[in-house]
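What follows draws every value from the coordinates through simple rules; no lab data is involved. Since we're looking at a predicted model, the values are computed, not measured. Cβ atoms come from the backbone with ideal geometry, glycine included; neighbour counts cover every protein chain shown.
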Amino acid sequence: MDVIRLYRDFNVDHRTEGHKHCRPGWVNVECPFCEGNPGYHLGWNINEEYYFCWRCGWHAPVKTIAELTGLKENEVTEILPQYGINRTILHQKIKTKREFEIPSGLSYLKTQQKKYLRERMFDPNLIEEKYQIRATSPTSKLGMYYYRFRIFIPYFWNGEMVSFDSRDVTGKQPNKYYACPDEYELMGRKQILYGIQENWNPEIGICVEGPTDVWRLGDSSFATSGIQYTHNQVKLMSSIFKRIAVVYDDEIQAQSQAKKLVAELRFRGVDAWNVSIQGDPGSLTNKKAKELLNYIKNH
């Protein structure tokens, strides 16, 4: 679909590659479904033709375009063929998978990556060994995607690396986090939980948003890779843990999702509750993190 022409015809404000929220191969707009700050979080994948918001998840094309243009859904269905989309795929999420690969040029942590971690009160040697993180090089690349000057964060499931994320350490790149492209994942990050499975205690788990939160709170914690969790992640949580404390960031959207997740877990018989903190878990001092862990343990 020629989404840029569609947006221009209906005066929809959009951003293309080069904007901090827009990866290569995507066209982004402010998400009409997000609570709070809409940002330019909602992207249209040009090659595979689907919408995905990195805050609130996948959305059907017809409903999304109706929200963006002000048209009725039946009107959207009528006009979309003019923009090169087949009506039979309007409500489908289309993805193709390639063989799992990782970026080229990975190495053990360099000075730049270690400095980044120390400034955030992490022990680089400990995190590197425990979570098997690595440094990317100035030329690290996977397919058409570049991963320069980042911390490579592998995702493991059942002992096998299935995906990855990466974190910029320069403070200059438009995307702080740059994950494995969907088509290269062996398993989607949103279909599993980030953490060290063999260290989880089935009696209690701590659900957080991302890897740095897990690094701060340690073995009892696991991450949903953002506040938008999936049905499969909820099934995994309820099958693994008896009790779960949900500790998301303090922003409005995150807290709304945390409360929703708690309700779904309780429905599945898990003793779940929401723990509100100031800021995010990954930014806590070690002292504050220990106090939070003690509070959860004694809840």
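The label-point distance for Lys235 and Phe10, in a model that sets each label 7 Å from Cα toward Cβ, rounds to 3.3 nm.
Taking amide H positions as modeled 1.01 Å from N, with prolines and chain starts lacking one, the residues under 5 Å from Gly205 and 5 or more places away or on another chain are Arg243, Ile244, Ala245. When a/c is below 1.5 the answer is rounded, else prolate if a/b is larger than b/c, else oblate, so apply that to the range 111-189 with a ≥ b ≥ c taken from the square roots of the Cα gyration tensor eigenvalues. The shape class here is oblate. Here Asn125 and Asp219 are evaluated by their C-beta separation; at R0 = 22 Å the FRET efficiency comes out at 0.80. The alpha-carbon of Lys176 sits under 12 angstrom from the alpha-carbons of these aspartates and glutamates, leaving out residues fewer than 8 places away in its chain: Asp165, Asp168.
FRET efficiency for the Lys260 to Lys176 pair, using the beta carbon distance and R₀ = 25 Å, is estimated at 0.50.
Between Phe100 and Glu291, the C-beta separation translates, for a Förster distance of 45 Å, into a calculated FRET efficiency of about 0.70.
Along the range 74-84 the Karplus relation, 6.51 cos²θ - 1.76 cosθ + 1.60 evaluated at θ = phi - 60°, assigns HN-Hα couplings of 5, 6, 4, 4, 6, 8, 4, x, 5, 9, x Hz to successive residues, with x for each Gly and Pro. Measuring between alpha carbons in the structure, the pairs from Lys72/Lys235; Lys110/Lys130; Lys130/Lys260; Lys141/Lys172 lying more than 28 angstrom apart are Lys72/Lys235; Lys130/Lys260.
Taking label points 7 Å from Cα along the Cα-to-Cβ direction, Lys72 and Asn47 give a separation of 3.8 nm. Most mobile of Glu128, Glu78, Glu30 per a Gaussian network model of the chain (Cα springs, under 10 Å)? Fluctuation is largest for Glu78.
In the chain, the inverse of the mean reciprocal separation of distinct Cα atoms equals 20.5 Å; this is its Kirkwood hydrodynamic radius. When you count the other C-beta atoms within 10 angstrom of each residue and take the mean per peptide, 176-185, 232-241 line up highest first as 176-185, 232-241.
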